[in-house]
Each structure stands twice: as structure tokens, then as C-alpha cells.
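Quick notes on the structure that follows.
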Amino acid sequence: MATPQTAPRRISVINGPNLNLLGVRKPEIYGRTTLADIEATLRAQAAELGYEITFMQSNHEGDLIDAIQAARTASAGIIINPAAYTHTSVALHDALEAAELPVVEVHLSNVHQREPFRHHSYVSPQATAVIAGAGAQGYELALAFLARHLG
Ligand code: DQA
């Protein structure tokens, strides 16, 4: 008997502008953990959970949209820290809507404690869950949540 088609055991982790500077950019807000540290931690955690990770960062909005469109067919879920595009990008909102995947929106900082312009997110309406203020650990929480959510 043919095995039923299952969703790919892959999760896309998508990081927006300036997150390549994690560890040196405003460590009092974003911490000292680098994006490479986060990627290594997530890859190890994903392997334990039986998932593979596609991990990317870009400073360009169109690249982030391309990554979301690629995830649509390649991945079972998306973890995204859209960084400053969180607060500006209708295009990211639309791409996530079109992806039709579970999405966890992650922010290292608690954006609601910060400037008013960071309080609104174009991404949150498309997110299954939002994690803000847990620092780099927010990515691990997002992955644990998604893996259990996906079953
Ligand atoms: C951020 C919060 C955003 O407001 C900011 O523009 C970032 C990082 C965070 O992870 O806390 O670049 O997404």
C-alpha cells in the first residue's frame, strides 16, 4: 500500500534586516548571541525533533518574500523575525498569507516596551503565535511550539 503523502519535515527560519549584526548591534537590547549561534542551536534542536532547518537572513525585502514563497512548497512551517519590516511591510503580510503555513513571529526584544512605531505588526495577523522579549531563546521556543503544533 502506498504511504500517504506527508508534509515535509522542514522548517524555514527567516530573518530580516540588520539581524546579521546580532551580537554587536545594541547588545543591551538584542543580547550578545550571534545569528550563527542561533542557527547552530536551532539545527541541533531541530535534529532532535526530527526536522531539518532552512535558515536565511537578508537585508532586502524581496529576498525575504522569495524565501517565504519557497517555504510554501518546501516547508511545513515558518519561523520569522521580520525585524524592521515587521512594522512596514504589507508585502510580507501578503506573502505569509499566500504561504498558507503555520507561522511563528519572533522578536528578540519586547517590542511593546519600546517605541510606539514598533507596537504595530503587519505580520502578526498571519502568525499562529508571536514571541517577543525572550531574546535568542525565543527562536527555540518557536521551534518547540511549531514541532508540537505540526504533530
Ligand atoms: C526586532 C524588533 C524590531 O522592531 C527591530 O526593527 C529589529 C529587531 C527584534 O527582534 O526585537 O530589527 O525584530
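The values are calculated or read from the model by the stated rules, or taken from the named source; none is laboratory data. Not measured: the values here are computed from a predicted model. Methodologically, a virtual Cβ is constructed for each residue, glycine included, from the backbone with ideal geometry; neighbour enumeration extends over all protein chains shown.
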Of those in region 87-144 that are within 11 Å of the ligand (Cβ to nearest atom) and of a type in the set (D, E), the residue nearest to Q45 (Cα to Cα) is E105
Does I53 satisfy being more than 15 Å from the ligand (Cβ to nearest atom) and not hydroxyl-bearing (S, T, Y)?
-> yes
Here is a check on your reading of the model: is A70 among the small types (G, A, S), at pLDDT below 95 and not in a strand (DSSP E or B)? no
Listed by first then second residue, the pairs whose first member lies in region 123-151 and is of a type in the set (V, I, T), whose partner is away from the ligand (no atom under 15 Å from the Cβ) and modelled with pLDDT of 95 or more, with beta carbons under 6 Å and at least 6 positions apart or on separate chains, are T128/P102
Selection from region 24-37 of residues outside any helix (DSSP H, G or I), buried (at least 16 other Cβ atoms within 10 Å of the Cβ) and within 13 Å of the ligand (Cβ to nearest atom) yields G31, T33
Those residues of region 99-138 that are part of a strand (DSSP E or B), among the hydrophobic types (A, V, I, L, M, F, W, C) and within 11 Å of the chain's Cα centre (by Cα) come to a total of 6
Picked from region 73-98 (must be part of a helix (DSSP H, G or I) and of a type in the set (V, I, T)), the residue modelled with the lowest pLDDT is T73
